[in-house]
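Report on the structure given below.
The values are calculated or read from the model by the stated rules, or taken from the named source; none is laboratory data. Nothing here was measured: the structure is a model prediction, and the numbers come from that model. Here Cβ is always computed from backbone atoms with ideal geometry, including for glycine, and neighbour counts include all displayed protein chains.
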Amino acid sequence: MSRFGLIVAGLLALLLIGFASIVRVTGPGWSGAGGGGVATGTTIGKGTSYAGTLVIPVQGVSTAALHDDWAEPRGDGTRVHHAIDIMAARGTPVLAAADGRIEKLFQSRLGGTTIYQRSADGGTVFYYAHLDHYAPTLVEGQAVKAGQEIAAVGSTGDADAGAPHLHFEIHAMAPGERWWQGTEVNPYPVLARK
Ligand SMILES: [Zn+2]
């Protein structure tokens, strides 16, 4: 299946989860291997599981400066934005949102220069896109600490060159899911501690 197909399937799944979110208590594999850091998908979605624990992944940005642009249309309405865009000057350090491991360094048409970071307990993937460049020594498999500089803000991929920003996604991962899989949850309430 194409990457686009996977994304469409993911969005459909997310819609279904959204409709069921009120009653959804737990799901297979949402608790992650460790079971301690990541609770259910519902609590991630409400921002309770990670609330107060994630580093805002752009240096110098306060919670008040964050803007909830989850579910805004993109690509002339062909896609839905399942991420948060954090505006910052080109070259501003991008920071690891949590402890974990660099799982994949990937170049994509839309995302440009990107990083997929797996959380320490394996249950979450953090995705950082439109990066100007990686931190000089960054490699796949590398362990990183929350707040560690991993890249720089840019406008690679389909970002407006005049509006550099970090496109940041949080994916709740079922056991065995790979870096391009998972279910997107809204980063805004988590990062903004709402
Ligand atoms: Zn974005």
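Put simply, of Pro164, Pro187 the only residue that is touching a strand residue (DSSP E or B) at 6+ places or on another chain (Cβ under 7 Å) and under 15 Å from Ala96 (Cα atoms) is Pro187. Considering region 151-173 alone, what residues qualify as being within 20 Å of Ser108 (Cα to Cα) and under 14 Å from the mean Cα position of the chain (by Cα)? Across region 151-173, the qualifying residues are His165, Leu166, His167, Phe168, Glu169, Ile170, His171. Looking across region 101-128, just one residue is on the phi > 0 side of the Ramachandran plot and at pLDDT 95 or above, and that is Gly112. Within region 144-171, which residues are part of a strand (DSSP E or B), within 14 Å of the ligand (Cβ to nearest atom) and either in contact with a Leu (Cβ under 6 Å, 6 or more places away or on another chain) or of a type in the set (S, T, N, Q) (or both)? Scanning region 144-171 gives Val153, Gly154. Do we have any residue at all in region 93-102 that's more than 13 Å from the ligand (Cβ to nearest atom), more than 15 Å from Gly157 (Cα to Cα), of a type in the set (D, E, K, R) and surrounded by 18 or more Cβ atoms within 10 Å (Cβ to Cβ)? There is at least one residue in region 93-102 that is more than 13 Å from the ligand (Cβ to nearest atom), more than 15 Å from Gly157 (Cα to Cα), of a type in the set (D, E, K, R) and surrounded by 18 or more Cβ atoms within 10 Å (Cβ to Cβ).
Taking region 106-123 as the range and being surrounded by fewer than 19 Cβ atoms within 10 Å (Cβ to Cβ) and aliphatic (A, V, I, L, M) as the test, only Leu110 passes. Looking only at region 181-190, decide whether some residue is in a strand (DSSP E or B), within 16 Å of the ligand (Cβ to nearest atom) and either crowded, with 21+ Cβ neighbours inside 10 Å or more than 14 Å from the chain's Cα centre (by Cα) (or both). Yes, that holds for at least one residue.
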